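Taking it in order: structure first as structure tokens, then the write-up.
Taken together, the values in this text are just the output of simple stated rules run on the coordinates, not laboratory data. Since the structure is predicted, the reported quantities are computational estimates derived from the model, not experimental observations. All Cβ positions, even for glycine, are placed from backbone atoms using ideal geometry, and neighbour counts span all protein chains on display.
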């Protein structure tokens with residue numbers, strides 16, 4: 001059975017891995033690179049301060065959850081559906097698919113709960129930037 005689905009998984013990995021790395025570009029905010037405000041000041045136009053660190057943490061969490069965990073969860077759902085419908089209701093496959101679905105759902109709910117906890121901590125620390133998902 002693994003021999004049947006392994007080529008499909010390999011093709012998906014080759015297709016989606018470069019796309020994920022292209023999406024990862026821009027996670028680190030641009031700061032301290034635009035030059036000084038004026039010649040008498042040592043301040044940068046876009047300083048690397050607390051808000052920039054919090055923005056980077058926010059961007060990394062959103063990337064991991066939206067761009068990586070959600071598509072992975074969708075692929076797991078597709079696999080579970082295929083496993084459930086294949087072999088004409090085999091008791092072994094049905095129980096295996098239910099177990100995989102339960103574990104994937106628990107993992108995804110934990111990831112979403114972690115996102116809520118991180119956003120609450122960021123708000124409590126005084127981050128004033130956008131707290132978005134997506």
What nm distance separates the two modelled labels at residue 103 and residue 8, each placed 7 Å from Cα along Cα→Cβ?
1.9
What's the extension gain from residue 114 to residue 78 if we count 0.36 nm per residue and subtract their Cα-Cα distance?
10.5 nm
Rg and Dmax of the range 48-124, Cα atoms only, in Å:
17.4, 59
Quick one: order 102, 96 by neighbouring beta-carbon count within 10 Å, fewest to most.
102, 96
With a 10 Å Cβ neighbour count serving as the proxy for reagent exposure, in which order, fewest first, do 82, 115 appear?
82, 115
